[in-house]
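Below is one structure, written out as C-alpha cells; comments come after it.
The values are calculated or read from the model by the stated rules, or taken from the named source; none is laboratory data. This is a predicted model, so every value here is computed, not measured. When we count neighbours, we look across all protein chains shown, and the Cβ atoms used for this are built from the backbone with ideal geometry, even at glycine.
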Amino acid sequence: MATYSRRTIGQGCFGKVYKTQYKGETTAMKKIPESNIKQKNIDREIQIYQKLNHPNIVKLLFYPWKEDGTWNFPLEFIDGEDLEKVLFKQRESRIKLSRSAKVTIINGMCQGLSFLHDKNIVHQDLKPDNIMIEYGTFRPVLVDFGVAKITSSTGFSTATNNGNRAYAAPEVCQGSDRNKSTDIWAMGKIIAELLLGSTVETEKCGCRYVEEILKGMPYAKSVSQMVYTNPCQRVEMRQILGDIEMAGEAFKRDILMMRLFPIQCFKVEQQR
C-alpha cells in the first residue's frame, strides 16, 4: 500500500500526481482514472518509460497497476520546482538562477532530449511546466510522457499529435504532425526564455529573431539554429550538443571576466 500526501504536486495530461511513500521509497505517484484514458495509451506510456534511463528524464520506479478504477504510475520524486515557476513566478520560487545554474539546466535539458530522440521517442509537450528543476543541484528533469509517442524510421508513430500551443513549432500550427524537429523548436524557445528571463512570443520565434534577442550571448548561434521556421533547416539534438556545451563554458567565463574586470566589462555591455 502507498501512503499519500493530501497535497497534489502536479497535474498531468490525464491525471494528478501525489507525493507518496511506496515500498520504502518516496515517489511521485501519478494517478489516472481509468475513464480518462484508453488501454492502448497506458500500454504506450509504460513502453516509453521502459526505454528511458537517463538522469535528465523522470524514471518509472515500479511497474504501474490498476486499483479501484485508477491507474497508478510510481515515478521518481524530484524535490524541486517546475521551470514555469522558476522563470515566471520568481517571487514564489526558492530557486535563484545564476549563470552557472542556467548552464547546468540548459545542458541537462538538451542531453535529456537528445537521449529521448535517440530512442525514437517524441515528447510532444515540451514546455516549462514539464521540466522539473531539483533544489541544490539545478538538475533538470523532463517529465509527463502522457502524450509522448514512439516513432520509427518510416515515420510511423504510436500516438496522435498533442501538446501545448504556446510551444508549438510553426508547422504544427499549420496542421503538420509533431516530431523530433518540433521538440527541438520547443526546446530552443524554452532555452531562449531561460536566458532572457521572460517569455518569447510564439509568433515571432524564429532563427533571426532569436539570434537578435540573444545577441552578445554565446548561445545565440546554437539556439537560433533550433528554431528555424523551416523544419528542414533545424539541427538534430545530438548535432548541437557540443555547441551548446561550448556556449555554456563561454557563458560562465563571461561572469568570471565581469568579476575580475567589472568596469571594463560594464563598458562592453553598455556598447552591445
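Things to note:
Residue by residue, here is whether (1) touching a residue at least 24 places away in the same chain (Cβ under 8 Å); (2) part of a helix (DSSP H, G or I); (3) more than 14 Å from Val143 (Cα to Cα) holds:
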{"site": "Leu87", "(1), (2), (3)": "yes, yes, yes"}
{"site": "Lys96", "(1), (2), (3)": "no, no, yes"}
{"site": "Ser100", "(1), (2), (3)": "yes, yes, yes"}
{"site": "Val103", "(1), (2), (3)": "yes, yes, yes"}
{"site": "Met109", "(1), (2), (3)": "yes, yes, no"}
{"site": "Ser114", "(1), (2), (3)": "yes, yes, yes"}
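- Qualifying positions in the range 36-49 - surrounded by fewer than 19 Cβ atoms within 10 Å (Cβ to Cβ) and in contact with a Gly (Cβ under 7 Å, 6 or more places away or on another chain): Asn36
- Filtered residue count, the range 222-246, keeping only those that are in contact with a helix residue (DSSP H, G or I) (Cβ under 8 Å, 6 or more places away or on another chain) and surrounded by fewer than 15 Cβ atoms within 10 Å (Cβ to Cβ): 3
- Only listed residue being buried (at least 19 other Cβ atoms within 10 Å of the Cβ), in the same structural domain as Trp185 (by TED's automatic domain parsing) and of a type in the set (Ser, Thr, Tyr), chosen from Ser114, Ser98: Ser114
- For the range 26-59, filtering for residues that are closer than 18 Å to Asn120 by Cβ and not in a helix (DSSP H, G or I) leaves 5.
- Among the residues of the range 135-147, at least one is closer than 25 Å to Gly248 by Cβ, touching a residue at least 40 places away in the same chain (Cβ under 8 Å) and surrounded by fewer than 19 Cβ atoms within 10 Å (Cβ to Cβ).
- Residue in the range 62-72 that is among the basic types (Lys, Arg), in contact (Cβ under 8 Å) with a residue 12 or more places away in the chain and surrounded by fewer than 15 Cβ atoms within 10 Å (Cβ to Cβ) present: yes
- Residues that are surrounded by fewer than 18 Cβ atoms within 10 Å (Cβ to Cβ) and part of a loop (DSSP other than H, G, I, E, B) within the range 117-130 comprise Lys119, Asn120, listed in sequence order.
- Selected residue [of a type in the set (Gly, Ala, Ser), within 25 Å of Ile32 (Cβ to Cβ) and either at pLDDT below 95 or assigned by TED's automatic domain parsing to the domain that holds Thr202 (or both)] from Gly155, Gly146: Gly146
- Cβ-Cβ under 8 Å pairs, at least 6 apart or on other chains, the range 221-240 side in contact (Cβ under 8 Å) with a residue 60 or more places away in the chain and more than 18 Å from Arg178 (Cα to Cα), far side in a helix (DSSP H, G or I) and charged (D, E, K, R): Arg238/Asp118
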